[in-house]
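The block underneath contains the structure these notes are about, expressed in structure tokens.
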């Protein structure tokens with residue numbers, strides 16, 4: 001018997017290949033962008049964008065097809081889309097998933113559950129929250145030669161090279177499932193016919209509870225991670241100064257000595273000055289030292305503001321809880337939430353300006 | 001019934017019917033180029049030789065003239081009178097037959113019935129030594145082996161003025177009686193390997209050995225493998241450098257290709273150029289060549305697998321290019337690939353049959369023309385055309401022709417695997433070939449050597465080539481009794497003086 005098994009395995013392998021229908025990539029309807037809006041009576045309205053690649057002479061011209069369906073569950077959105085499309089729907093190339101703000105404020109838990117379980121989906125996918133209908137963003141953002149997913153991924157990716165903290169589905173899920181850490185997502189809105197990414201949507205577990213505006217974004221990012229890009233415009237005396245970050249370092253420290261632990265966030269910011277406008281004073285070492293101390297107080301107040309907002313809302317996008325747990329023996333998970341709101345968190349900022357250009 | 005069986009069991013392909021010298025001469029006389037005539041004298045003697053094998057002028061000047069002038073009575077006197085070296089006097093029929101068939105002249109005397117004189121008068125007609133065409137290199141020696149064993153051994157000998165260089169000849173092939181020389185350096189080559197080669201050569205039972213490739217197939221440890229297990233080269237310099245490493249070279253009379261054994265799979269991808277260029281350049285070029293082989297084997301199977309099963313692997317930016325080039329094609333990717341691969345194979349076969357090397361170039365250009373027409377007609381996509389053309393180009397980078405053919409062939413199982421099971425199929429076929437390579441041996445030595453078994457020391461000249469001043473030792477593969485190439489102590493002393 002065992003002698004025949006050696007022949008059975010390859011035989012079965014060859015026979016079983018008939019069980020899978022195969023389609024060439026051009027025969028599929030490839031969903032690249034999906035958006036979810038609240039529908040009527042607890043239903044979900046799903047909108048997908050499917051690019052149509054045109055062969056022959058005009059190769060660069062890409063048309064896009066938009067399908068909007070109402071469904072009672074997330075999975076049945078895909079099913080309903082299939083009812084309206086002649087080709088087999090393929091969801092493996094999904095790049096961006098958008099959620100309407102209303103859904104996000106209610107609860108995204110179910111969506112995250114379905115998305116995180118689907119093995120066809122990429123973890124590099126971007127998730128984002130939109131102000132207003134996702135349908136209008138998906139249908140309104142298309143430009144010639146660029147699909148909506150190209151546009152949205154480009155927008156988010158390039159902002160991650162600037163002042164937006166790094167985000168994708170992997171990051172989102174990791175902070176969503178972690179203890180003592182809350183997630184955030186890009187917050188998109190449509191201004192006339194342009195999609196704008198200027199805010200951050202902050203989540204308490206699966207519920208969106210707050211947003212951070214453009215001028216808090218940079219502070220949030222330097223509090224969260226080390227990076228070496230991004231510019232920021234700051235007020236100084238009667239004019240403005242454009243500061244470019246060339247490498248920051250953030251360190252969390254925890255002091256266990258008291259009953260209530262206290263946190264210290266040490267922020268070192270190395271920067272160069274790009275532009276000075278409206279300041280009637282020769283730029284020299286003295287002015288720079290003045291600037292440094294001025295900006296230090298600015299960042300200190302700004303950071304404290306942001307952190308007190310987090311504490312007030314009971315969210316922890318910086319992951320202080322996770323940090324504290326990793327450094328505390330006999331850590332009690334159920335006491336942390338109550339503790340977090342009252343913990344003193346102090347921020348120490350040191351700004352050093354390395355370059356300010358040649359001035360006479 | 002028994003008669004029929006006896007016929008099948010017959011051992012020798014030709015019946016040895018000649019039992020006496022007269023019989024032999026009678027058989028030979030049936031051919032037009034066999035010359036025999038009487039020289040007169042007392043007692044009268046006869047000279048016979050094969051005109052097309054011997055030098056007639058030479059026989060006239062150095063054999064017939066001295067015999068005519070002097071009055072000679074016995075064969076012994078004749079032997080002294082003829083001013084040719086290596087004259088043999090014998091009465092043994094087998095020796096007479098062997099020598100006459102390679103161009104010796106035979107002298108019989110009526111006075112001495114049994115004994116005959118055998119005078120060497122073989123003419124070594126051969127093509128001039130030309131330049132290497134298959135393994136061409138821009139720098140380095142240009143000489144290549146020719147069809148004459150005599151000349152080929154000369155090419156090796158003059159590069160190795162060494163008394164320890166041993167050349168052992170065997171005759172193989174019951175009908176062709178081809179001379180096969182086993183060359184090695186005594187004291188550097190492993191005697192076990194030499195013994196194995198000689199034994200296997202002796203055990204060959206076949207009627208004809210036309211070319212050294214016959215020996216490659218007959219000596220192989222696994223004759224069903226698509227991989228050649230003996231390295232063939234037309235460059236004497238390459239043969240010599242492997243001899244010095246402790247390998248064994250087999251040269252077959254009538255074949256311009258010498259065989260090198262034992263060898264490893266990476267040696268098939270190393271060119272002589274690698275040793276003529278500075279080591280870092282050589283390393284990069286060798287790595288490019290190895291990458292080209294992988295690309296050539298795997299690119300079209302990956303195309304089939306990704307386009308049929310794994311759309312997610314296509315980058316977003318490439319999606320539009322691939323999909324729009326595929327959208328008008330009526331075939332699935334597998335058919336498209338098979339059509340184009342077959343077209344390339346047809347062109348290659350046609351190119352190989354064309355008279356000159358230019359034929360091959362024309363074939364490739366023709367391929368591109370046909371390919372472009374196929375794209376315009378909407379039969380294949382232009383992305384695939386580029387992939388197939390590049391993979392064909394990549395398979396030409398192999399310095400050894402034999403392994404190039406193997407690479408040509410093993411692409412097809414990969415394509416079939418890719419169509420049946422996608423990337424898993426490619427992995428399965430890869431595992432199959434890797435298992436085969438790991439198991440394979442060349443004259444008893446592991447074929448996949450520096451990688452399996454892992455011999456760190458031999459990696460110095462496998463995927464990379466380190467500078468000569470690091471390569472102190474001969475490859476472990478040959479298990480040479482004399483391991484070190486240089487006297488390391490003396491090297492160290494010389495360095496100290498320099499500094």
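The values are calculated or read from the model by the stated rules, or taken from the named source; none is laboratory data. Note that this is a predicted model, so its numbers are computed, not measured. Reconstructed Cβ throughout: ideal geometry from the backbone, glycine too, with neighbour counts over all protein chains shown.
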Report the residue count in the stretch A:14-56 for those that are under 30 Å from the mean Cα position of the chain (by Cα), free of Cβ contacts under 8 Å to residues at least 24 places away in the same chain and within 12 Å of residue A:88 (Cβ to Cβ). 1
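Mind checking which residues of the stretch B:324-349 are in a loop (DSSP other than H, G, I, E, B) and modelled with pLDDT of 85 or more?
Result: B:329, B:330, B:331, B:332.
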I'd like the full set of residues that are touching a helix residue (DSSP H, G or I) at 6+ places or on another chain (Cβ under 6 Å), surrounded by 15 or more Cβ atoms within 10 Å (Cβ to Cβ) and not in a helix (DSSP H, G or I), limited to the stretch B:450-463. B:450, B:455, B:462
Just for the stretch B:310-328: of the residues that are in contact with a helix residue (DSSP H, G or I) (Cβ under 6 Å, 6 or more places away or on another chain) and either within 18 Å of residue B:377 (Cα to Cα) or more than 11 Å from every other protein chain (Cβ to nearest Cβ) (or both), which one is surrounded by the most Cβ atoms within 10 Å (Cβ to Cβ)? B:323
Any idea which of (1) assigned by TED's automatic domain parsing to the domain that holds residue B:347; (2) more than 16 Å from residue B:291 (Cα to Cα) is the one residue B:392 doesn't satisfy? (2)
Among the candidates A:35, A:92, A:109, single out the residue that is modelled with pLDDT of 90 or more, within 25 Å of residue A:177 (Cβ to Cβ) and out of contact with any strand residue (DSSP E or B) (no Cβ under 6 Å at 6 or more places or on another chain). A:109
Confirm whether residue B:249 is surrounded by fewer than 19 Cβ atoms within 10 Å (Cβ to Cβ) and away from chain A (no Cβ under 14 Å). no
Per the list (1) part of a helix (DSSP H, G or I); (2) free of Cβ contacts under 8 Å to residues at least 12 places away in the same chain, residue check on residue A:257 breaks on (1)
Does the stretch B:355-364 contain any residue that is more than 14 Å from chain A (Cβ to nearest Cβ), loosely packed, with under 14 Cβ neighbours inside 10 Å, closer than 30 Å to residue A:23 by Cα and without any contact (Cβ under 8 Å) to a residue 12 or more places away in the chain? no
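Taking the conditions exactly as written (within 14 Å of chain B (Cβ to nearest Cβ) and crowded, with 22+ Cβ neighbours inside 10 Å), does residue A:127 satisfy them or not?
Taking the combined requirement at face value, the residue does not satisfy it.
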So residue B:78 passes all but one of these: (1) modelled with pLDDT under 85; (2) within 30 Å of residue B:177 (Cα to Cα); (3) surrounded by 14 or more Cβ atoms within 10 Å (Cβ to Cβ). Which condition number does it fail? (2)
Does the stretch A:176-198 hold any residues that are over 10 Å from the mean Cα position of the chain (by Cα) and either part of a strand (DSSP E or B) or buried (at least 19 other Cβ atoms within 10 Å of the Cβ) (or both), and which are they? A:180, A:181, A:182, A:188, A:189, A:190, A:191, A:194, A:195, A:196, A:197, A:198
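With respect to residue A:132, determine if the residue is in the same structural domain as residue A:190 (by TED's automatic domain parsing), touching a helix residue (DSSP H, G or I) at 6+ places or on another chain (Cβ under 6 Å), assigned to a loop (DSSP other than H, G, I, E, B) and touching a residue at least 12 places away in the same chain (Cβ under 8 Å).
Against the criterion (in the same structural domain as residue A:190 (by TED's automatic domain parsing), touching a helix residue (DSSP H, G or I) at 6+ places or on another chain (Cβ under 6 Å), assigned to a loop (DSSP other than H, G, I, E, B) and touching a residue at least 12 places away in the same chain (Cβ under 8 Å)), residue A:132 does not qualify.
Per-residue answers, yes or no, for (1) modelled with pLDDT under 95; (2) in a helix (DSSP H, G or I); (3) more than 14 Å from chain A (Cβ to nearest Cβ):
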position: B:405; (1), (2), (3): yes, yes, yes
position: B:408; (1), (2), (3): yes, yes, yes
position: B:411; (1), (2), (3): yes, yes, yes
position: B:414; (1), (2), (3): no, yes, yes
position: B:419; (1), (2), (3): yes, yes, no
position: B:428; (1), (2), (3): yes, yes, no
position: B:448; (1), (2), (3): yes, no, yes
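Select, from B:102, B:96, B:59, the only residue that is in contact with a strand residue (DSSP E or B) (Cβ under 8 Å, 6 or more places away or on another chain), under 27 Å from residue B:253 (Cβ atoms) and not in a helix (DSSP H, G or I).
B:102
If you go through the stretch A:88-100 one residue at a time, do you hit one that is touching a residue at least 12 places away in the same chain (Cβ under 8 Å) and under 14 Å from residue A:39 (Cβ atoms)?
For the stretch A:88-100, residues touching a residue at least 12 places away in the same chain (Cβ under 8 Å) and under 14 Å from residue A:39 (Cβ atoms): present.
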Anything in the stretch A:135-168 that is away from every other protein chain (no Cβ under 14 Å), in contact (Cβ under 8 Å) with a residue 60 or more places away in the chain and assigned to a loop (DSSP other than H, G, I, E, B)? List them, or say none. A:142, A:161, A:162, A:163, A:165
Starting from the stretch B:24-37, keep only residues that are touching a residue at least 24 places away in the same chain (Cβ under 8 Å) and assigned by TED's automatic domain parsing to the domain that holds residue B:49, then list their pairs with residues that are surrounded by 13 or more Cβ atoms within 10 Å (Cβ to Cβ) and assigned to a loop (DSSP other than H, G, I, E, B) whose Cβ atoms are within a distance under 7 Å, requiring at least 6 positions of separation or different chains. B:24/B:18
For residues that are in contact with a helix residue (DSSP H, G or I) (Cβ under 7 Å, 6 or more places away or on another chain) and free of Cβ contacts under 8 Å to residues at least 60 places away in the same chain, scanning just the stretch A:208-242, find the one that is surrounded by the fewest Cβ atoms within 10 Å (Cβ to Cβ). A:227
Restricting to the stretch B:132-156, name every residue that is without any contact (Cβ under 8 Å) to a residue 24 or more places away in the chain and touching a strand residue (DSSP E or B) at 6+ places or on another chain (Cβ under 7 Å). B:142
